[in-house]
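Enquirer: Starting off with a structure, shown below.
The values are calculated or read from the model by the stated rules, or taken from the named source; none is laboratory data. Keep in mind that this is a model prediction, so the values were computed, not measured. Ideal geometry is used to build each Cβ from the backbone, glycine not excepted, and the neighbour counts take in all protein chains shown. The protein model used for the area step is the full one, side chains on, heavy atoms only, and it has no ligands, DNA or RNA in it. Shrake-Rupley method; radii C 1.70, N 1.55, O 1.52, S 1.80 Å.
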Amino acid sequence: FIRKIISYFESVKIGVTDVRIQSKVHRMIKLVTEDIQEMRYNLAIIKIREFFDALPEETGKEVLESFVQVLSPFSPHLAEELWEQLGHQDFVSLAPWPSYKETFIREDIEFEEEFISSVFSDLRSVLGLVGKKPASVTLFVASGWKDDFFTQLKQALLETYNLGELITRTMVKGHEKEISKLIPSLVKNPSRIP
């Protein structure tokens with residue numbers, strides 16, 4: 001891990017911070033701070049590593065500074081070297097702990113990234129099972145109404161299994177026939193609910 005950090009800092013380009021990395025750095029600062037306060041150092045290191053793995057080839061100086069500051073308690077000598085490399089004359093150990101802003105943590109962006117990563121992971125698994133590379137892969141994505149329907153259905157199933165009531169609670173205009181067919185089979189076999 002230390003070698004990877006050194007190699008990264010030798011090649012990283014300092015540029016603009018995108019919204020995705022800004023969200024990740026603020027989340028990392030928040031979670032690592034909480035872990036350190038609760039003396040869960042192993043978990044703090046895991047979060048630092050996960051953040052590091054998400055760093056792009058080009059990012060803002062403030063992201064790199066925050067990373068070095070959070071790394072400092074765990075690898076002080078390396079952190080001091082990197083801090084100097086970022087142009088600081090003082091010591092990182094004397095710098096204030098980085099603060100996070102809750103408003104910069106974007107759940108929606110991070111969810112999209114995790115979702116896309118999950119889809120690619122699933123694709124790699126399926127391709128591994130197939131054993132040969134196909135010429136193309138087609139993904140079928142469910143319509144937006146289905147996501148709303150399944151969310152409402154899960155909520156309604158916490159309260160009732162009455163088919164009529166479930167249909168009434170989850171009805172989406174324009175999709176009455178589909179929902180009327182789906183609900184009985186989903187109630188019989190709830191494992192089919194995504």
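Enquirer: Filter the stretch 86-95 for residues that are in a loop (DSSP other than H, G, I, E, B) and either open to solvent by 100 Å² or more (accessible area, probe 1.4 Å) or of a type in the set (A, V, I, L, M) (or both) and give the result.
Expert: 86, 89, 91, 95
Enquirer: Within the stretch 120-136, take every residue that is outside any loop (DSSP other than H, G, I, E, B) and of a type in the set (D, E, K, R) and give me the one that is most open to solvent (accessible area, probe 1.4 Å).
Expert: Top of the filtered list is 124.
Enquirer: Report yes if residue 7 is within 21 Å of the chain's Cα centre (by Cα), among the small types (Gly, Ala, Ser) and part of a helix (DSSP H, G or I), otherwise no.
Expert: No.
Enquirer: Could you grab the pairs with beta carbons closer than 9 Å, sequence gap of 6+ or different chains, first residue in the stretch 137-151 and on the phi < 0 side of the Ramachandran plot and assigned to a loop (DSSP other than H, G, I, E, B), second one modelled with pLDDT under 85 and open to solvent by 70 Å² or more (accessible area, probe 1.4 Å)?
Expert: The qualifying pairs are 142/194.
Enquirer: Would you pick out the residues in the stretch 155-170 that are open to solvent by 100 Å² or more (accessible area, probe 1.4 Å), within 19 Å of residue 191 (Cβ to Cβ) and in a helix (DSSP H, G or I)?
Expert: Once the filter is applied, which keeps residues that are open to solvent by 100 Å² or more (accessible area, probe 1.4 Å), within 19 Å of residue 191 (Cβ to Cβ) and in a helix (DSSP H, G or I), the stretch 155-170 yields only 155.
Enquirer: Restricting attention to the stretch 118-150, report how many residues are at pLDDT 85 or above, among the hydroxyl-bearing types (Ser, Thr, Tyr) and under 23 Å from residue 193 (Cβ atoms).
Expert: Within the stretch 118-150, residues that are at pLDDT 85 or above, among the hydroxyl-bearing types (Ser, Thr, Tyr) and under 23 Å from residue 193 (Cβ atoms) number 3.
Enquirer: Which residues, counting only those in the stretch 32-62, are of a type in the set (A, V, I, L, M) and crowded, with 21+ Cβ neighbours inside 10 Å?
Expert: If the condition is that a residue be of a type in the set (A, V, I, L, M) and crowded, with 21+ Cβ neighbours inside 10 Å, then 32, 44, 48 are the ones that fit.
Enquirer: Still on this structure, please answer the following. Looking at 22, 69, which one is open to solvent by 30 Å² or more (accessible area, probe 1.4 Å) and either assigned to a helix (DSSP H, G or I) or without any contact (Cβ under 8 Å) to a residue 24 or more places away in the chain (or both)?
Expert: Going through 22, 69 in turn, the sole match is 22.
Enquirer: Here is a list of conditions, (1) among the aromatic types (Phe, Trp, Tyr); (2) assigned to a helix (DSSP H, G or I); (3) closer than 30 Å to residue 174 by Cα, and residue 52 meets all of them except one; can you say which number that is?
Expert: If we test residue 52 against (1) among the aromatic types (Phe, Trp, Tyr); (2) assigned to a helix (DSSP H, G or I); (3) closer than 30 Å to residue 174 by Cα, just (3) comes out false.
Enquirer: With the structure loaded, tell me whether residue 107 is modelled with pLDDT under 85 and either open to solvent by 90 Å² or more (accessible area, probe 1.4 Å) or among the charged types (D, E, K, R) (or both) or whether it fails that test.
Expert: Considered against the rule, which asks whether it is modelled with pLDDT under 85 and either open to solvent by 90 Å² or more (accessible area, probe 1.4 Å) or among the charged types (D, E, K, R) (or both), residue 107 comes out as no.
Enquirer: Give me a count of the residues in the stretch 171-194 that are surrounded by fewer than 12 Cβ atoms within 10 Å (Cβ to Cβ) and out of contact with any Leu (no Cβ under 8 Å at 6 or more places or on another chain).
Expert: The number of residues fulfilling the criteria is 10.
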